[in-house]
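Novice: My questions will all concern the structure given below.
The values are calculated or read from the model by the stated rules, or taken from the named source; none is laboratory data. A quick note: this is a predicted structure, and the numbers were derived from the prediction, not measured. As a convention, Cβ positions derive from the backbone with ideal geometry for all residues, glycine included, and neighbour counts pool all protein chains shown. For accessibility, only protein heavy atoms count, side chains too; no ligands or nucleic acids. Shrake-Rupley method; radii C 1.70, N 1.55, O 1.52, S 1.80 Å.
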Amino acid sequence: MTQAPASDWHARARALVPETRAFIGGRYVDAASGAHFDTVNPATGLATAQVAACGAGDADRAVTAAQNAFDAGHWAQSSPAQRKAVLLRLADLIEGEAEHLALLETLDTGKPIRDSLAIDLPATIRCLRWFAEAIDKLYDEISPTQGSVLSMIRRAPLGVVAAIVPWNFPLVTAMTKIAPALAAGNSVVLKPSELSPLSALALGRLAAEAGLPDGVLNILPGIGPEAGRALALHMDVAALLFTGSTTVGKLLMGYAAQSNLKSVSLECGGKSANIVLRDVPDMARAVQAAAMGVFHNQGQICNAGTRLLLDAPIHDEFLERLLALTATLQPGDPLNPDTRFGPLVSDAHATRVRGWVATGVAEGAQRLTPDSPAPPGLRSEPLVPPTILGETTNAMSVAREEIFGPVLCVMRVDGLDDAIATANDSPYGLAAGLWTGDVTRALAAQHRLNTGFVWINTLRVGDISTPFGGVKLSGQGRDKSLHAFDNVTQRKSVWLDLSAAP
Ligand code: NAD
């Protein structure tokens with residue numbers, strides 16, 4: 001990580017001239033309407049740039065460019081080894097510009113520059129390299145037919161794949177979609193969030209420099225219900241890869257149904273339980289994980305452990321230690337490399353999160369952390385300090401709905417069965433954590449936790465090699481790992497009757 005002081009980052013931010021146009025067919029272009037939207041730095045409240053606000057016509061241009069590139073076959077029918085070489089070059093170029101891209105992400109989202117540099121960019125690069133390396137190691141299949149007939153089961157690209165992504169981890173999430181899609185030979189249209197378009201827009205230039213043929217990767221900035229909706233309704237988009245809210249995920253399934261039955265994979269919200277049983281083997285570690293599992297990235301994390309289920313005998317001691325640790329996490333300037341906790345993504349989102357805290361208190365929860373004033377020099381509007389609500393129950397809306405901010409609901413449970421019943425009593429099913437010294441019991445318990453993943457004696461670990469996704473309102477389909485290729489390929493059966501050959 002760079003050792004540059006905050007003053008250097010501020011100077012770089014002032015000198016920045018980000019790309020703000022759409023990237024379509026290998027060229028940067030304005031929206032056909034000439035319309036723009038502001039991308040606002042939450043730390044300052046000022047617009048960093050005016051970005052092209054693409055509409056339905058631009059979405060159509062991007063999909064046409066992508067379809068033409070797919071039909072030309074220069075990418076789709078190139079050898080996996082050729083695609084791998086280009087994608088590895090792209091990963092190197094991203095790595096070469098990691099500081100620039102990290103700065104764009106921090107300016108767009110308010111996340112601390114140390115996180116953008118140490119977490120987001122390395123994860124983005126690793127993801128791209130992993131899928132680039134995977135694609136020339138995947139074999140197709142031959143079915144067990146009789147001798148004169150050959151039946152091949154090919155993993156074939158789908159054509160044009162649209163990726164619609166949120167703002168909390170802009171490049172990482174975009175890359176978990178576009179890396180497998182491109183590696184498999186598809187053309188892609190990426191629609192970044194209107195709150196965080198800048199790092200995605202920079203990718204176009206790097207993709208061209210890496211040698212990706214024109215039209216294979218297109219980047220379409222715009223407002224969700226306009227640019228995003230047009231992509232989702234487009235008749236030539238074969239698959240939709242989405243990360244975002246459950247509300248929009250449901251809309252996308254509707255758009256697919258109204259248009260061409262495009263396949264839809266959805267990584268939506270969560271309200272994940274983190275269960276700590278009375279035999280927790282290392283309480284200090286569990287306390288640290290519980291805090292970082294909900295307050296990292298200002299709590300704007302889909303798989304955050306936002307419901308902390310504490311077994312009654314350890315409830316008070318655990319909570320006391322957690323409160324002491326939380327008191328050390330205070331908001332700071334996101335461009336200061338020492339800052340671990342920044343502003344939320346926007347003033348409007350912070351207002352929503354504060355509203356949830358007030359709702360929780362009105363529902364009977366106890367606010368256990370102070371509403372500390374903004375530190376000197378920081379705007380108060382986007383700041384929400386790490387907040388812990390005690391004595392919550394699943395009957396409260398704060399414990400049922402996704403808040404997507406630094407708010408932890410603590411619940412008291414009585415043993416494993418009560419904990420599992422409480423954890424599963426949620427409309428969401430993304431993740432669950434379980435801390436116990438009895439690993440045999442934990443392995444039996446994971447069968448009963450109805451979530452996409454379960455962490456035992458750890459929390460929020462993940463890796464590109466391991467599938468990521470949920471059940472219930474948390475979505476369907478899996479990102480990451482070789483299983484991600486299922487979202488961007490079809491199993492094509494090819495029959496060849498050898499007896500007919502001359
Ligand atoms: P969002 O659903 O509001 O927006 C996500 C994307 O969808 C954006 O690009 C937006 O422009 C687009 N969009 C909005 N309306 C649309 C429409 N009508 N048609 C097409 N596209 C549309 O979500 P957000 O506020 O950007 O992100 C926060 C949400 O994302 C949270 O609910 C969080 O849980 C979820 N999330 C989930 C995961 C996961 O992997 N499960 C990861 C990160 C974030």
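Novice: Quick check on this structure: which one of Thr106, Thr124 is within 16 Å of the ligand (Cβ to nearest atom) and part of a helix (DSSP H, G or I)?
Specialist: Among Thr106, Thr124, only Thr124 is within 16 Å of the ligand (Cβ to nearest atom) and part of a helix (DSSP H, G or I).
Novice: Within segment 1-29, track down each residue that is in contact (Cβ under 8 Å) with a residue 24 or more places away in the chain, hydroxyl-bearing (Ser, Thr, Tyr) and farther than 18 Å from Thr64 by Cβ.
Specialist: Once the filter is applied, which keeps residues that are in contact (Cβ under 8 Å) with a residue 24 or more places away in the chain, hydroxyl-bearing (Ser, Thr, Tyr) and farther than 18 Å from Thr64 by Cβ, segment 1-29 yields Thr2, Thr20.
Quick grid of which residues meet (1) assigned by TED's automatic domain parsing to the domain that holds Ala85; (2) of a type in the set (Lys, Arg); (3) more than 8 Å from the ligand (Cβ to nearest atom):
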site	(1), (2), (3)
Leu241	yes, no, yes
Gly244	yes, no, no
Ala257	yes, no, yes
Arg307	no, yes, yes
Asp316	no, no, yes
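Novice: Could you check segment 63-89 and list, in sequence order, the residues that are of a type outside the set (D, E, K, R) and either surrounded by fewer than 17 Cβ atoms within 10 Å (Cβ to Cβ) or closer than 22 Å to Leu16 by Cβ (or both)? Please lay out each step first, then the result.
Specialist: Step one: list which residues in segment 63-89 are of a type outside the set (D, E, K, R), which gives 63-70, 72-82, 85-88.
Asn68, Ala72, Gly73, His74, Gln77, Ser78, Ser79, Pro80, Ala81, Gln82, Ala85, Leu88, listed by residue number.
Novice: Of the residues that make up segment 238-253, is at least one modelled with pLDDT of 95 or more, farther than 26 Å from Thr176 by Cβ, charged (D, E, K, R) and surrounded by fewer than 20 Cβ atoms within 10 Å (Cβ to Cβ)? First the steps, then the outcome.
Specialist: Let us first name the residues in segment 238-253 that are modelled with pLDDT of 95 or more, namely 238-253.
Next cut, farther than 26 Å from Thr176 by Cβ only: none.
So far as segment 238-253 goes, no, none of its residues is modelled with pLDDT of 95 or more, farther than 26 Å from Thr176 by Cβ, charged (D, E, K, R) and surrounded by fewer than 20 Cβ atoms within 10 Å (Cβ to Cβ).
Novice: Pairs needed: first member in segment 344-361, over 25 Å from Ile113 (Cβ atoms) and assigned to a helix (DSSP H, G or I); second member anywhere, open to solvent by 30 Å² or more (accessible area, probe 1.4 Å) and basic (Lys, Arg); C-beta distance under 9 Å; at least 6 residues apart or different chains.
Specialist: Val357/Arg367; Gly360/Arg367; Val361/Arg367
Novice: Looking at Thr39, Thr145, Thr109, which is the one that is open to solvent by 20 Å² or more (accessible area, probe 1.4 Å), assigned by TED's automatic domain parsing to the domain that holds Ala181 and β-branched (Val, Ile, Thr)?
Specialist: Numbers: Thr39 fails: open to solvent by 20 Å² or more (accessible area, probe 1.4 Å); Thr109 fails: open to solvent by 20 Å² or more (accessible area, probe 1.4 Å).
Only one candidate passes the filter, namely Thr145.
Novice: Another question about this same structure. Of all residues in segment 460-502 being within 15 Å of the ligand (Cβ to nearest atom), small (Gly, Ala, Ser) and assigned to a loop (DSSP other than H, G, I, E, B), which is most open to solvent (accessible area, probe 1.4 Å)?
Specialist: Gly462
Novice: For a quick check of your reading: which helices (runs of 4 or more DSSP H) sit entirely within segment 381-459 and have at least 3 residues that are within 16 Å of the ligand (Cβ to nearest atom) and within 26 Å of the chain's Cα centre (by Cα)? Even if it seems obvious, please write down each step before you answer.
Specialist: Details: elements: 397-400, 415-424, 439-446.
Output list reads 397-400.
Novice: Is it fair to say Ser272 is of a type in the set (S, T, N, Q) and touching a strand residue (DSSP E or B) at 6+ places or on another chain (Cβ under 6 Å)?
Specialist: Values: of a type in the set (S, T, N, Q): yes; touching a strand residue (DSSP E or B) at 6+ places or on another chain (Cβ under 6 Å): yes.
In short, yes.
Novice: May I pose another question? Which pairs do you get when a residue that is over 11 Å from Gly159 (Cβ atoms), found in segment 180-191, comes within reach of a residue that is among the hydroxyl-bearing types (Ser, Thr, Tyr) and within 16 Å of the ligand (Cβ to nearest atom), reach meaning Cβ atoms under 6 angstrom, with the pair 6+ apart or on two chains?
Specialist: Note: no pairs meet the criteria.
Novice: Here's another thing I want to ask about it. When segment 206-223 is examined, which residues are found to be within 14 Å of the ligand (Cβ to nearest atom) and buried (at least 24 other Cβ atoms within 10 Å of the Cβ)?
Specialist: Residues of segment 206-223 within 14 Å of the ligand (Cβ to nearest atom): 219-223.
Residues satisfying the conditions are Ile219, Leu220, Pro221, Gly222.
Novice: Sticking with this structure for a sec: Hey, among the residues in segment 224-237 that are more than 9 Å from the ligand (Cβ to nearest atom) and in contact (Cβ under 8 Å) with a residue 40 or more places away in the chain, which one's surrounded by the fewest Cβ atoms within 10 Å (Cβ to Cβ)? Break it down into steps so the answer makes sense when it comes.
Specialist: Taking segment 224-237 and keeping what is more than 9 Å from the ligand (Cβ to nearest atom), we get 234-237.
With the extra rule that they be in contact (Cβ under 8 Å) with a residue 40 or more places away in the chain, the set shrinks to 234, 236-237.
Working: His234: 24, Asp236: 16, Val237: 27.
Here the residue is Asp236.
Novice: Here is a follow-up. Just the residues that are open to solvent by 10 Å² or more (accessible area, probe 1.4 Å) and more than 14 Å from the ligand (Cβ to nearest atom), please, taken from segment 185-205.
Specialist: Arg205
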